[in-house]
Amino acid sequence: MNALEIPWANALDDLPLITPTRPEWFPAAVSDVDALLVDHAHCEQKAASMALSLIGRYPDDAEGVRAMLALVYEELRHFREVLTFIERRGGRLTPPNPDRYVRLLRDWSFRHKGGVGTRADAYLACAFVEARSCERFRILAAGFLAGEAGSLASDEAGELGGFYLQLADAERRHWTLFRDLALATGETAVVERRLQEMAEAESAIVAELPLAPRMH
Ligand SMILES: [Fe+2]
Ligand SMILES: [Fe+2]
């Protein structure tokens, strides 16, 4: 597999994000691949937990419940796959870092009510987490496949590149899933306006986070 097989022209293609990740993020992220993978593993298990908690919060949303149930299984599979990479490198899971990105996104939606209700806001916040993860997985896939993560052996870089290529596609599906669930909660124009507002807030949040071997 090589960089020519990457199916997007720009890492922001088809995503609701306004600001691209700074180019300095990739070298910072891969400066400690073990730490990056541990952070990623926690992102996957948190995504599964979030999907499960949305079922508990909105049990009357039959479409949402079915979609979240499928998502729980998928995110847990990703979690297991990342854990396998960690263990093969001789590492193990350590306690998670506080997730500032997700907290700031949720805080913003609590402080700035947009008239769409808490269910739409919960789905939209998840939509942005998935979209930003998609962009970052695309950056990782491209960098690994191009051999830009200097500390890795070329076969491991190739394998991780292929893995992130697949996961980027999953995150692209997940962002559209959460967007569609949000749109189903109310008037399209109102939810779309809220999506634009949240895109601007997300952009400001991501700009102030430090560069580190972390997904967000
Ligand atoms: Fe995932
Ligand atoms: Fe996801």
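No lab work stands behind these numbers, since they all come straight from the coordinates. Because the structure is a prediction, the values reported are computed rather than measured. Virtual Cβ from ideal backbone geometry, glycine too; neighbours counted across all protein chains shown.
Electrostatic bookkeeping for Pro23 treats Lys and Arg as +1 and Asp and Glu as -1; over the other residues with beta carbon under 13 Å from its beta carbon, the sum is -1.
Working from the Cα coordinates of the chain, the gyration tensor eigenvalues give, after taking √(5λ), semi-axes of 29, 19, 16 Å in decreasing order.
Extending 7 Å from the Cα toward the beta-carbon at both Glu197 and Ala70 defines two label points whose distance is 3.1 nm. Between Ser49 and Glu5, the modelled label-to-label distance comes to 3.5 nm, taking each label 7 Å out from Cα in the direction of the beta carbon. Packing, as the average of other Cβ atoms within 10 Å across residues, places the peptides 174-180, 24-30, 205-211, 86-92 in the order 174-180, 24-30, 205-211, 86-92, highest first.
What ranking do 75-82, 160-167 get when scored by the average of other Cβ atoms within 10 Å per residue, highest first? Write down the numbers at each step before the final one.
Values: 75-82: 17.9, 160-167: 19.8.
Per-residue Cβ counts within 10 Å, averaged per peptide and sorted highest first, yield 160-167, 75-82.
Among residues other than Arg172 whose Cβ falls under 15 Å from its Cβ, what is the net charge (Lys/Arg +1, Asp/Glu -1)? Before the final figure, lay out each step's value.
Values: positive: Arg132, Arg136, Arg138, Arg173, Arg179; negative: Asp13, Asp14, Glu74, Glu75, Glu130, Glu135, Asp169, Glu171, Asp180.
Summing Lys/Arg as +1 and Asp/Glu as -1 gives -4.
Normalised by the number of residues in region 76-207, the average gap of Cα pairs under 8 Å and 6 or more apart makes the relative contact order 32 percent.
Extension gain for the segment Ala153 to Ala189, taken as residue separation times 0.36 nm less the Cα-Cα distance, is 8.0 nm to one decimal.
So how much slack lies between Thr94 and Asp13, counting 0.36 nm per residue of separation and subtracting their Cα-Cα distance, in nm? The partial results should precede the final answer.
On the way: separation 81, 0.36 × 81 = 29.16 nm, distance 3.35 nm.
So the chain would gain 25.8 nm between Thr94 and Asp13.
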